[in-house]
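What follows is one structure encoded as structure tokens, with my remarks underneath.
Every read-out reported here was derived from the displayed coordinates using simple, explicitly stated rules and does not represent laboratory data. This one's a predicted model, so the numbers in the text were calculated from it and none came from an experiment. So basically every Cβ, Gly included, is an ideal-geometry build from the backbone, and we count neighbours across all protein chains shown.
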Amino acid sequence: MGVGVGLLTRRLAVVGGRAPSTAVPVHDQQPPLFIVGAPRSGTTLLRSILAAGDEVAIPPESHFLGYLYHRYRGRFGAWTAATSREAISDALRDAHFREWQLPAKFVWEELERAPARSFGDTMARIYQAFARREGKSRWGDKTPHYVFFLRELNALFPDMRVIHLLRDGRDVACSHLDLRSRGQSWTAPSAPAAAAWWAASIHAAGRMAPALGDRFVEVRYEDLVHDPEATVERLCAAVGVAYSPEMVHRRDHVVSSRSQLFSGASAPVAGRARTWESELTPRQVAEFEAVAGRELASRGYALSGGGGPVVRMEARLRGEGFMAWRRTRRWSRQQAHRFLKPIARRRQATRIRRMKAGGEAGL
């Protein structure tokens with residue numbers, strides 16, 4: 001299994017403290033990396049590993065690319081310097097950008113180095129400023145739900161590399177339900193909801209894999225935690241990043257979100273694979289498999305085969321209802337960001353307060 005490239009079928013063979021600096025060149029020709037996957041798949045762990053190397057700077061989650069895309073897409077054809085400044089001002093107000101711990105002056109200095117000629121170019125300046133501050137020559141992003149935004153990202157950054165992290169969806173459900181019990185309202189409220197969300201993420205990645213070709217790489221979480229050095233070495237070879245064992249074993253210097261959700265980002269690589277066998281009830285397992293059993297099996301995860309027809313039918317209905325609610329909420333937020341800028345800014349202010357209070361992920 002391990003790391004896959006292209007159409008999710010081809011597999012690669014195994015391949016055998018920094019001071020901030022503004023002098024390190026950030027190369028525009030270096031393709032950016034986007035780490036995506038179903039939320040709670042382990043993308044924070046993977047981000048901390050890659051960001052621990054010498055080449056790639058990957059800030060905490062961004063989230064602003066999606067809604068700013070919808071806010072400014074009507075102006076893509078007549079992009080101006082003033083529009084670039086306006087878009088960057090909006091990004092700098094975002095609650096998640098504050099987690100980057102990057103003073104705004106570095107972003108403005110990056111914009112002054114060369115004019116931004118498009119929306120994608122403008123957004124890249126923000127990441128380039130972070131990379132320059134980190135002393136890195138290449139930038140990346142780790143925002144899991146951008147798995148649903150890959151078509152737009154590919155248009156903005158046509159040379160980008162995408163790393164899709166795949167994890168057994170039942171373990172993903174365990175993480176969702178655990179966080180839900182601790183007051184994280186953005187998570188899936190039930191096993192059917194987690195299954196539908198996970199399956200939708202898998203399908204979203206699969207739809208874009210053919211278009212991305214060898215710019216799409218898939219990594220299994222289980223391989224990452226059971227054999228981290230070999231898995232990371234294969235991944236680095238696939239995306240053109242220099243590998244060193246320190247990426248796996250020394251990650252305490254990586255800039256991380258202050259949210260409690262990401263408090264273990266620099267902890268030793270240790271797996272929580274197959275926790276679903278002890279943490280989910282037999283009914284929850286049956287519900288998950290009723291909704292996403294086909295996707296589990298197609299990715300090589302064995303099914304338990306439990307659950308009667310009534311349980312399975314109810315689970316499918318609940319999963320479909322949850323995703324219908326998410327689609328409606330996503331659409332309404334897009335419209336708010338596109339047409340109702342003052343309302344969108346008030347929402348950002350609310351999100352900032354929540355994150356300061358304990359760590360909403362903003363999904």
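Results, tabulated for the structure shown:
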{"quantity": "Environment charge of G308, counting only residues whose C-beta is closer than 15 Å and scoring Lys/Arg +1, Asp/Glu -1", "calculated": "0"}
{"quantity": "Over segment 129-249, volume per residue of the alpha carbon convex hull, in Å³", "calculated": "145 Å³"}
{"quantity": "Magnitude of the charge dipole, segment 124-231, Cβ model with Lys/Arg +1 and Asp/Glu -1, debye to 20", "calculated": "520 debye"}
{"quantity": "Two-site label geometry, R93 and A230: point separation in nm, points 7 Å out along Cα→Cβ", "calculated": "5.1 nm"}
{"quantity": "Gain in span if fully extended, R75 to R330, counting 0.36 nm per residue against the direct Cα distance", "calculated": "89.7 nm"}
{"quantity": "Net lengthening on full extension, A211/W186 (0.36 nm per residue, minus Cα-Cα)", "calculated": "5.9 nm"}
{"quantity": "Equivalent ellipsoid semi-axes, segment 23-180, via Cα gyration tensor eigenvalues times 5, rooted, Å", "calculated": "27, 18, 14"}
